[in-house]
Amino acid sequence: MSVSYQPVIWNRTKIIYDAVLIVAIVAYVLIFLKLGPMLSPAMAETNPPILRMRAFGSLALILLTVVLAIGPLARLDVRFMPLLYNRRHFGVMTAIVAATHAWYVLAWYFAFSPTPQLLALFTSNTSFAQVSGFPFELFGVFALTILAVLAATSHDFWLSFLSPAIWKAIHMSVYAAYAAVVLHVALGALADGRNAALGVFLFASLGTLCALHLIAGRRERAADKAGSPEVDRTGWIDIGDVSEIAENRAIIGAAPGGERIAVFRSKGKLSAISNVCSHQNGPVGEGKVVLGLVTCPWHGYQYRLEDGCSPPPFKERIRKYRVALSGTRVLVDPEPLPLGTRLEPLAIPEDTLAAPAAPSGG
Amino acid sequence: MLKPPERGFFVGYFKKVPADIRRLMLVFIATFIGTFAAAAFVLALDTDSPGSGSFAGPPPEGEITGTIDLLPYPVLRVAASPGSPARAIMLAGTGKFGVSDRAEKLKGKSVVVGGFFVKRGDLEMLLVGGKMKAEDEQPADLPVPQAPEDLGRWRLTGEICDGKCAAGAMRPGTGLAHKACANLCISGGVPPVFVSTAPVEGRSFFLMASADGGPMPAWLLNKTAIPVVLEGRVERRDDLLVFKVDGQAKDGGT
């Protein structure tokens, strides 16, 4: 969290994250461009600019596959959460690698011509009515444009300027970029029938991403669909048993068709807040109370238990909900309180408190 | 209801990393870098040979003398000499440029041309360097090239390429990835060639022309770099075969 905008607020995790990413990218490029021609006569006979565009193009596809896998992986196993922490650097790096690929293509296939490069890119192949020979480059242009916009707006300034909802919607277009990349590769390199390994990788990438998203999505949808049972006809919902809540952790419920609600237990008291972080819609309820503040597991944004506001000088806010106990059952009014409303955490009665809490996760 | 997480809690700005997350991340980092290295290796080695085409150096004498055929694309007709049959050499310029404009001014003259050959099998093209000019002393009688020999009507299966890249100026210089480049070359005046899957009179490469002997029809730009079946007449000019396309086979090609 920061009250002022800086290009990058570095910390040890981000440095390690970027270092690993750069090592993997450099290893890929060096093996492809330096070791490959030493081992393969066919590569040695191929023009170096064409090798470079192949190296950076295939690398961009791999990076995009990994970056899209991070979200569902982190949903399926919270131990993958560190991958999500600095995902925007991953995305920016992907955009740079894709742009490098495009630059080599422009400087080779579309250069040395009486037609200017960019004009040639859009006019040299107009076989729109056929699959084989379709100007697949245009799918690459579309994907690169999206990746460039996402990279340019990946900073928190844009998140704040555009609002989290709009920013999130824009960044969901990365899936359109991926679809365009799949078409770009399928109608280009694969249709040529000369790249069996790339074909295998493309379909493996597509299959893996579809499977991960379907599994994670199915789990989330099932949780939302089940909702939390309504108590009598009061409208309040039963989130669970107080003994299920580990100290400084939460359980998460949902009103049917409504927003998810997290009920935290800390120092013998219960507090209900929105499960949706105001930063990037992270799952606050999967976070932890750290130094008395609810801490989102995605990027560490923090909120006070009593009013859902970030401590000064920060200005983020999430909704608070009324919470009550019926015996050991935790009940929540799914009607949110106005943002910033102060509501003291509910003390757990001594006799209920005596019941053991769920084991803490760390 | 979603169960609360039971694992260690970590946010990027924390100094301590829970043991279970540290273990998984170490395994992930090793797998991540290893996978990238392995993928580079596999994808790099999955490269087809671009074929035998390559730059073949300048003419043995440094330059060649002959006369120019302007259509369908500039071709240098070199008269036979003792021990050397007559030749018809396709001409292209630097980059994705043809030499039609320069050749136009040299029509009906004895011409001296220098440059570099690109050659792939029986496909040969002279990339004109700086020198392409009329001989200082024009001979009284220009050699008369042999008249084209009609080899009949043919249906040929193959691929339309730009002759320069296909001959080895780019490696590879054929295929779908190269389609836009081929179109730019052909549009720029580089002679297009048809690479046939089966030879005609021992030749697999044909200079492409329209049915009336002019430049390749523009509609064929949609057919470059893909398998296609075309029909037309084939004629021989010295050692060069010209495919005068009049249509696409109705039952073949894409």
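The values are calculated or read from the model by the stated rules, or taken from the named source; none is laboratory data. Bear in mind the structure is a predicted one, so any value in this text is a computation, not a measurement. In this analysis, Cβ positions are derived from the backbone assuming ideal geometry, glycine residues included, and neighbour counts consider all displayed protein chains.
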Inset, instruction - Count, please, the residues in segment A:29-66 that happen to be in contact (Cβ under 8 Å) with a residue 60 or more places away in the chain and hydrophobic (A, V, I, L, M, F, W, C). - result: 4
Inset, instruction - Return only the number of the condition from (1) over 16 Å from B:Ala167 (Cα atoms); (2) within 9 Å of chain A (Cβ to nearest Cβ); (3) among the small types (Gly, Ala, Ser) that B:Gly95 does not satisfy. - result: (1)
Legend entry - segment A:29-41, subset within 17 Å of A:Tyr104 (Cα to Cα) and surrounded by 15 or more Cβ atoms within 10 Å (Cβ to Cβ), residue nearest to the other protein chains (Cβ to nearest Cβ): A:Phe32
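What's the total number of residues in segment A:43-56 that are surrounded by 18 or more Cβ atoms within 10 Å (Cβ to Cβ) and not acidic (Asp, Glu)? Outline the logic, then answer.
At the first step, the residues of segment A:43-56 found to be surrounded by 18 or more Cβ atoms within 10 Å (Cβ to Cβ) are A:43, A:45-46, A:50-56.
Okay, now just the ones that are also not acidic (Asp, Glu), so A:43, A:46, A:50-56.
So the count comes out to 9.
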Legend entry - B:Ser187 vs. criteria away from chain A (no Cβ under 14 Å) and either in contact with a strand residue (DSSP E or B) (Cβ under 6 Å, 6 or more places away or on another chain) or surrounded by fewer than 24 Cβ atoms within 10 Å (Cβ to Cβ) (or both): no
Inset, instruction - Looking at (1) assigned to a loop (DSSP other than H, G, I, E, B); (2) at positive phi, find the lone condition where A:Gly240 falls short. - result: (1)
Legend entry - Of all residues making up segment A:6-28, the number that are more than 7 Å from chain B (Cβ to nearest Cβ), free of Cβ contacts under 8 Å to residues at least 40 places away in the same chain and within 19 Å of B:Val42 (Cβ to Cβ): 1
Inset, instruction - With a cut-off of at least 3 residues that are assigned by TED's automatic domain parsing to the domain that holds B:Gly163 and of a type in the set (D, E, K, R), name the strands (runs of 3 or more DSSP E) lying wholly within segment B:193-254. - result: B:228-237
Legend entry - Output for segment B:146-170, where each listed residue is out of contact with any Asp or Glu (no Cβ under 6 Å at 6 or more places or on another chain), surrounded by fewer than 20 Cβ atoms within 10 Å (Cβ to Cβ), assigned to a loop (DSSP other than H, G, I, E, B) and not polar (S, T, N, Q): B:Ala147
Legend entry - Restricting segment A:290-336 to residues that are within 23 Å of the chain's Cα centre (by Cα) and part of a strand (DSSP E or B), the residue that is farthest from the other protein chains (Cβ to nearest Cβ): A:Arg317
Inset, instruction - Within segment B:84-123, count every residue that is in a loop (DSSP other than H, G, I, E, B) and under 26 Å from B:Ser54 (Cα atoms). - result: 11
Inset, instruction - Identify the residue in segment A:94-124 that is more than 12 Å from chain B (Cβ to nearest Cβ) and either farther than 30 Å from B:Met170 by Cα or β-branched (Val, Ile, Thr) (or both) and, among all such residues, is surrounded by the most Cβ atoms within 10 Å (Cβ to Cβ). - result: A:Thr94
